[in-house]
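The values are calculated or read from the model by the stated rules, or taken from the named source; none is laboratory data. Just so you know, these numbers come straight off a predicted model, no measurement behind them. Heads up, the Cβs are rebuilt from the backbone with ideal geometry, glycines too, and the neighbour counts pull from every protein chain shown.
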Amino acid sequence: MAKRIKITPSKIFILALSLFLLFCFILFLLVRHHTFAVLSPAGQIAQSELNLMKFAALLSLIVIIPVFGILFYIIFTFRESKKSKKYAPEYSNVLLELVWWAIPLGIITILSIVTWNQTHQLDPFKSLSSNQTHVRIQAVAMNWKWLFIYPDYGIATVNELTIPTDHPIDFSITSEGPMNSLWIPQLGGQIYAMAGMNTELHLIASKTGIYRGVSANISGSGFAGMHFNVSAVNTQTFSRWASSMTSQPQTLTKGTLHQLAEPSENVEPFVFGTVENGLYDTIVNQYMPFQLDPDNGKTNAMSMHSMSSMEGM
Amino acid sequence: MIISLFSSTSVPSTDRLVLFFGQAMVVGAALLIALALVYFKKVGWLWKNWLTSLDHKKIGIMYLVVAGVMLLRGLADTVLLRFQQATSVGASQGIISSNHYQQIFTAHGTMMIFFVAMGLVFGIINLILPLQIGSRDVAFPLLNNLSFWMYAAGAILINLSLVFGGEFAATGWLAYPPLSELQFSPGVGVDYWIWSIQIAGIGTLLSGINFITTILTKRAPGMSMMKMPVFVWSVLAAMTLVAAAFPILTVTLVLLTLDRTIGTHFFTTAGGGNAMMYVNLIWAWGHPEVYILILPAFGIYSEIVATFSRKRLFGYTSMVYAILAITGLSFVVWLHHFFTMGAGANVNAFFGIMTMVIAIPTGLKVFNWLFTMYRGRINFASPMIWFIGFVITFSIGGAAGVMLGVPPIDFQLHNTLFLVAHFHTMIIGGALFGYFAGIAYWFPKVFGFKLDEKLGKIAAYLWIAGLICAFTPLYILGLMGATRRLDHYDASLGWQGLFIVAGVGVVIILAGVAVQFMMFYLAIKNRKKNLDTTGDPWNGRTLEWSTTSPAPVYNFAIIPTVSDRDEFFRRKQLGGILPRRKYAAIVMPNNSSFGFFMAGWALMFAFSVIWHYPPTMIVALLGVIGTFIVRTFDDTTTHIIPAAEIEAIENKRAGALV
């Protein structure tokens, strides 16, 4: 008869630990050649958000490591079979209880102060200060593609974005259908795109490269295909690109918008060489119950529907 | 064919097989159960002893059975989701269409929260709470039965969606408008979603009121609030949240229903509707809901850790205040589910900080459990294995939660698989492990025989390993920029390997579930060998262990008088058996089919609204009124168990305590 292996707690612990290490090693092998978009910032906002993430993770470790330490110490010291002499069935200690209130309280206080400051610092609606000119981009989520209008250049792109490095990018974001979320992780966090509503996002790229952008919120059957590449290029290349795009034949007007808005999935990128003025405002304001004065309609509508007006809440 | 009769939209051909399999499963299982009942002549028995019973212990068991079935349904969905994400890469489109994939994860989330987690919570509360407070029943036994049937009707309706129409909402489990509006979801899927949780939600609300009243009015003499077991406190807190939060859900769903059926504009984009209002309302319910699930689990851990450490719970008063703090705070954090909607920095920062503040009482609770074990004599029975798995996974999930609570970090992690991993770690590692621990702990009390400890431990180890294996890859994927709910992605992203590992994790969890079902099967099969004759198999501390296992229908022949938090433990130390006293007759409620019919009419009403068929709608409404009137004319709602009969039952319990 085979010898029975006696299962002891330390054997279970060592087995579990080695399995876990093996598991981590497999995961490492699987990911080592691939991009961690959230952890590879290519701009100031993404960098600040990553720093904050690291800070919060470290702070959490201050609690987790002692918890794990205490847990395993107690498991091994106070198991029934050990017949510990320190057994005290009515044990209580008010001082220790107070310490348990105090430790998380202290950590959360620190984190709260940082959170308050950083939330204001990294408010997506806050314009970035820079001596370079700002580039305005109006992003419209459609079923199921992204339309990016460059109002200062009179052009628009679908499912691709070209931006200059070191210039602050001022996104105005809305949706033509269900709610979506505009997210370019290597440049910074996301903001929802909502119909009849204008949200804002301010990002900046500090190095050239191609970064992946997505919609992070489910919007229907073609939603998984709503990703696009962001090409961050230097200023000269961007100017050249923008002026060359104006010669593209396709035109987008208020009249032809509904054709683009027809549901379509996995749309290959393309460009509109001409875009009618005020198109974005038309999209945002299309659900307004009253007709706007065409002369000053823009400012009125924006202030009524902009989420930033909720700041005073 | 009924299927084509009720078909609202054409089903893509790629999904026919999966759908057919699902339909065959639901119809087949229903037919099989019905045939078996008729064949073994058990219909009458089932009706008399179970379906119409107002006994809280039986209602609790019925909750657990339905939740167990729905757990299998939810897990079947998990398998499909994981399989799709592991295979639908680059040129390959996987096995199901994107719309079907979206229906499946919507169904998965809806079923797991409303019909598995809630079912387990109410099952365990029903089984144990009246016993723990030394009561013979809940405050409103008839209402309790109605609550169960509303829950069951919701579960039936969500399964009917598979058979009639073959379509469920494809919107995510909270169905944000405008996607869930008629304009973008014209089929019956969203209506099935609305009505199945609407009906179940009303049952939940009634249960909440029932248990609040029970705790406040039915405690044994001497049991002041600060002498209640922590589980009772946690249930009181959770039920307060139910009573406060579920009406919000009900109203929100009604508004969405009106939008979809009579063309109002509460949440539509056109006509002055505002979808952001829906998002706020649904989370004003949704966040307290999270704590409705987790607080009872906290209560269960408190009972288990004290019992198996052979020690009094460390820091009882702190624990109570921590529960109350969590209860209050859970109502001022809902906005952290949508920091990315673009509220101002002041608003975001406020909700972010409130979110972190919840970590204080939660952290305290973890420390108090650890120090309950400190200087104890810990018996590592299977409930304790679940507890250790909980501490490990919950700490990591909690740290991820604190990170997500910082708005600028949330902008980078919101709606990613990191978030998905976080809430699964919390709900499985926190809540579900607690329910499993509770079931392992209280099983002998409920059924009168014990579960196999070895299988229980193996199941716990498999679940813990599976949880880590299934969700660590998702944390990593989130950091790689993978958003949730994707049915397809590019091969160049390098995500496939991690999705496959996550799939392996699901297989490990399934093995754990298989072991659990085997454990229940073997326990029932060998029940004669594993009888719990003492009523107190774990050397328990609270009143539920002072009755026999299973408890008699009236729970306590003589209502105990309480003078200590661990009343039963005190009695055992004083020397156990108290002198026999004279028994008095006990009044118990009669069985009633009221709940069954009421929920049946509700189901009929919902089904008629979903399919826009007014005649049956009217019949169902008349049915509700009629059933109510019939009940009011029922003069024999209670029966009396004479003292002699009680004495006979009690005399059989040789050596039992109290």
Next item on the list: State the number of residues belonging to the stretch B:184-194 that are out of contact with any helix residue (DSSP H, G or I) (no Cβ under 6 Å at 6 or more places or on another chain), within 28 Å of B:His287 (Cα to Cα) and either surrounded by fewer than 24 Cβ atoms within 10 Å (Cβ to Cβ) or not hydrophobic (A, V, I, L, M, F, W, C) (or both).
Entry: 3
Next item on the list: Keeping to the stretch B:294-318, report how many residues are small (Gly, Ala, Ser) and either away from every other protein chain (no Cβ under 14 Å) or surrounded by fewer than 23 Cβ atoms within 10 Å (Cβ to Cβ) (or both).
Entry: 4
Checklist line | From B:Tyr461, B:Tyr374, residue being within 14 Å of chain A (Cβ to nearest Cβ) and either at pLDDT below 95 or touching a Phe, Trp or Tyr at 6+ places or on another chain (Cβ under 7 Å) (or both) | finding: B:Tyr374
Next item on the list: Please give the number of the condition A:Phe238 fails out of (1) over 27 Å from B:Gly271 (Cβ atoms); (2) of a type outside the set (S, T, N, Q); (3) touching a helix residue (DSSP H, G or I) at 6+ places or on another chain (Cβ under 9 Å).
Entry: (3)
Margin query: Let me spell it out: the conditions are (1) crowded, with 23+ Cβ neighbours inside 10 Å; (2) in contact (Cβ under 8 Å) with a residue 40 or more places away in the chain, and B:Gly363 meets all of them except one. Which number is the exception?
Written below: (2)
Next item on the list: Look through the stretch A:31-55, keep the residues that are facing another protein chain (nearest Cβ under 7 Å) and farther than 28 Å from A:Asp170 by Cβ, and return whichever of them is surrounded by the most Cβ atoms within 10 Å (Cβ to Cβ).
Entry: A:Val31
Checklist line | Filtered residues of the stretch B:599-627 (kept if without any contact (Cβ under 8 Å) to a residue 12 or more places away in the chain and part of a helix (DSSP H, G or I)) | finding: B:Pro614, B:Pro615, B:Ile618, B:Leu622, B:Ile625, B:Gly626
Margin query: Looking at B:Lys41 and the list (1) assigned to a loop (DSSP other than H, G, I, E, B); (2) at pLDDT 95 or above, which single condition is not satisfied?
Written below: (2)
Margin query: For the stretch A:138-159, check the following and say yes or no: at least one residue is charged (D, E, K, R) and more than 14 Å from chain B (Cβ to nearest Cβ).
Written below: yes
Item checked: Selected residue [surrounded by 24 or more Cβ atoms within 10 Å (Cβ to Cβ) and either more than 9 Å from chain A (Cβ to nearest Cβ) or more than 19 Å from the chain's Cα centre (by Cα) (or both)] from B:Tyr291, B:Tyr321 -> B:Tyr291
Check: For A:Ala195, are the conditions met, namely being surrounded by 22 or more Cβ atoms within 10 Å (Cβ to Cβ) and without any contact (Cβ under 8 Å) to a residue 60 or more places away in the chain?
Finding: no
Checklist line | Residue, nearest to B:Gly109 (Cα to Cα), within the stretch B:427-471, restricted to residues that are of a type in the set (A, V, I, L, M, F, W, C) and not in a helix (DSSP H, G or I) | finding: B:Leu451
Next item on the list: Just give me the residues in the stretch A:174-198 being closer than 18 Å to B:Leu179 by Cα and not polar (S, T, N, Q), in sequence order.
Entry: A:Glu176, A:Gly177, A:Pro178, A:Met179, A:Leu182, A:Ile191, A:Tyr192, A:Ala193, A:Met194, A:Ala195, A:Gly196, A:Met197
Next item on the list: Looking only at the stretch B:175-182, decide whether some residue is within 14 Å of chain A (Cβ to nearest Cβ) and under 22 Å from the mean Cα position of the chain (by Cα).
Entry: yes
Margin query: For the stretch B:504-542, which positions are polar (S, T, N, Q) and more than 15 Å from B:Glu453 (Cα to Cα)?
Written below: B:Thr533, B:Thr534, B:Asn539, B:Thr542
Check: Any residue in the stretch A:39-52 that is out of contact with any strand residue (DSSP E or B) (no Cβ under 7 Å at 6 or more places or on another chain), assigned to a helix (DSSP H, G or I) and either among the acidic types (Asp, Glu) or under 19 Å from B:Ala482 (Cβ atoms) (or both)?
Finding: yes
Next item on the list: Check A:Thr133, A:Thr162, A:Thr119 and return the single one that is β-branched (Val, Ile, Thr), assigned to a loop (DSSP other than H, G, I, E, B) and either buried (at least 18 other Cβ atoms within 10 Å of the Cβ) or away from every other protein chain (no Cβ under 13 Å) (or both).
Entry: A:Thr133
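Yes or no, residue by residue, for (1) among the hydroxyl-bearing types (Ser, Thr, Tyr); (2) out of contact with any helix residue (DSSP H, G or I) (no Cβ under 8 Å at 6 or more places or on another chain); (3) at pLDDT below 95; (4) closer than 23 Å to A:Ala224 by Cα:
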residue	(1), (2), (3), (4)
A:Leu147	no, no, no, yes
A:Ile155	no, no, no, no
A:Glu160	no, yes, no, yes
A:Ile163	no, no, no, no
A:Gly188	no, no, no, yes
A:Tyr192	yes, no, no, yes
A:Thr199	yes, no, no, yes
Note to self: I'd like to check something: does the stretch B:557-575 contain any residue that is in a loop (DSSP other than H, G, I, E, B), among the small types (Gly, Ala, Ser) and surrounded by 19 or more Cβ atoms within 10 Å (Cβ to Cβ)?
What the structure shows: yes
Next item on the list: Determine whether B:Ser207 is more than 14 Å from chain A (Cβ to nearest Cβ), at pLDDT 95 or above and not in a helix (DSSP H, G or I).
Entry: no
Next item on the list: Hey, can you tell me all the residues within the stretch B:377-396 that are surrounded by fewer than 23 Cβ atoms within 10 Å (Cβ to Cβ), more than 9 Å from chain A (Cβ to nearest Cβ) and not hydrophobic (A, V, I, L, M, F, W, C)?
Entry: B:Gly389, B:Thr393
Note to self: Return the residues of the stretch A:84-116 that are facing chain B (nearest Cβ under 7 Å), under 33 Å from the mean Cα position of the chain (by Cα) and farther than 16 Å from A:Pro66 by Cβ; say none if nothing qualifies.
What the structure shows: A:Leu111, A:Ser112, A:Thr115, A:Trp116
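So that you can scan it fast, the table gives a plain yes or no per residue for (1) crowded, with 23+ Cβ neighbours inside 10 Å; (2) within 7 Å of chain A (Cβ to nearest Cβ); (3) assigned to a loop (DSSP other than H, G, I, E, B):
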residue	(1), (2), (3)
B:Pro473	yes, yes, no
B:Gly478	yes, no, no
B:Ser492	no, no, no
B:Ile500	no, no, no
B:Val504	no, no, no
B:Val507	no, no, no
B:Leu510	no, no, no
B:Val513	no, no, no
B:Gln516	yes, no, no
